[in-house]
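Below: the structure, in C-alpha cells.
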Amino acid sequence: ETFDYKVFEKFIQELPDKALRLGIRVVLAIIVFFVGTQLIKIVRKILQKSLKRANAEIGAMQFVDSFVKAVLYVLLILTIAGGFGVDAASIVAIIGSVGVAIGLALQGSLSNLAGGVLILLLKPFKVGDYIIEDTNKNEGTVEEIQLFYTKLVTPDNRVIVLPNGTLANTSLTNVTACNMRRVDIKIGIAYDEDIRHAKQIITDVLRQDEDTLKDKELFVYVDDLESSQVTLGVRCWFLNEDYWNGRWRIIEEIKYALDSNNIKIPYPQMDVHINGTCEK
C-alpha cells in the first residue's frame, strides 16, 4: 500500500482546529463539572431544609441526601459525556449492561441498599438511638444512616461501620427505644446477716437517690441461696440519660450503706476441718 500524502496533509491542516475544538470542549467540561457540583450542593441544601421543615427523621434525611447526591452526579457525568458527542442512548445502554454485571458482582452492596430502605421504612432504630447488634455484639449510638452503611459511635468514641443488609437481616437490641430503663443489680450478703434488715437498707438507698423514678418499681428480693452468700436482687428505674451514672452511683451507695450498718458482703472462701490425731 502507498502512503496517501494528501490525506496526511489534510490531517495536519485540520489538526489545529480539531485540537482547538477538543481543548474548548475540555475547558467547557471542566466548567460544567464545577458549576454542576455547586448546583448539586445547592439542591442538596434546599432538599435538607425541606425535609427539616417536614420534620423528617435525621436518618431519613441522611439516606435521601446520599441517594440524591449519587443520582445527580450520574446525571452530571452523562451531561459532560454528551458534550463530547457521546450518544446518551448509547451511554444508557452501556450503563444498563454494566449495571447488570455489577449487580451480579455486588449483590452484597445491593442487599445493603435494600437494607437501608427497610431500616427507613420499618424504623427499628433512628439516629441517636443506642443499639446492640446481636450477632457480633457491636454496639453504640447511631450517628448516621447512609445508603449502604450505618455508623455507630461507641461510648469510648470509636466508630463502627455496619452494613445495612446485616442490620436489616439480624436481630438487634434498641436500648434507648423507650425513655426509661430498668437497673438490675445482684448484691451478696453473708448467711448470718438479717435479710429483712439488709433489704430495708438497700430500699432506703433507692428511695433517697435523686434520679430513681419513684413512680416505678423499687424492689429488693432474695434472688438465690448460693454456697457462700445470700444473693439479693435489686431493681429500680432511671431515665435513659441518667441510667449509667445512676447505676454506678447506687452500687457505690449500697456498699457504703451496708458497711455503715455492719452488713457483711462475703467473698468466696473454704472452711477446712481436720479430724483425727497425728501419729509420730
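Tabulated results
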quantity: Some residue of the stretch 1-9 being at pLDDT 65 or above and of a type in the set (Lys, Arg); calculated: no
quantity: Residues (surrounded by fewer than 17 Cβ atoms within 10 Å (Cβ to Cβ) and assigned to a loop (DSSP other than H, G, I, E, B)) located in the stretch 192-210; calculated: Asp192, Asp194, Glu210
quantity: Qualifying residue in the stretch 105-121 (condition: small (Gly, Ala, Ser), loosely packed, with under 14 Cβ neighbours inside 10 Å and modelled with pLDDT under 75); calculated: yes
quantity: Matching option when the condition is closer than 22 Å to Val127 by Cα, in contact (Cβ under 8 Å) with a residue 40 or more places away in the chain, open to solvent by 30 Å² or more (accessible area, probe 1.4 Å) and within 12 Å of the chain's Cα centre (by Cα), among Leu172, Leu167; calculated: Leu172
quantity: Among the candidates Leu225, Leu239, Leu213, residue that is surrounded by 15 or more Cβ atoms within 10 Å (Cβ to Cβ) and not aromatic (Phe, Trp, Tyr); calculated: Leu213
quantity: The stretch 146-158 residues that are without any contact (Cβ under 8 Å) to a residue 40 or more places away in the chain, paired with ones that are assigned to a loop (DSSP other than H, G, I, E, B) and of a type outside the set (Phe, Trp, Tyr) (beta carbon under 9 Å, 6 or more apart); calculated: Leu152/Arg158
quantity: Single unsatisfied condition, Glu253 versus (1) within 21 Å of the chain's Cα centre (by Cα); (2) in contact (Cβ under 8 Å) with a residue 40 or more places away in the chain; (3) crowded, with 16+ Cβ neighbours inside 10 Å; calculated: (1)
quantity: When residues of the stretch 144-191 are limited to those that are in a strand (DSSP E or B), at pLDDT 90 or above and charged (D, E, K, R), the one nearest to Glu226 (Cα to Cα); calculated: Lys186
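The values are calculated or read from the model by the stated rules, or taken from the named source; none is laboratory data. Remember, it's a predicted structure, so these values are computed and weren't measured experimentally. All Cβ positions, glycine included, derive from the backbone under ideal geometry; neighbour counts span all protein chains shown. Just the protein is used for accessible areas: all its heavy atoms, side chains included, with ligands, DNA and RNA removed. Shrake-Rupley method; radii C 1.70, N 1.55, O 1.52, S 1.80 Å.
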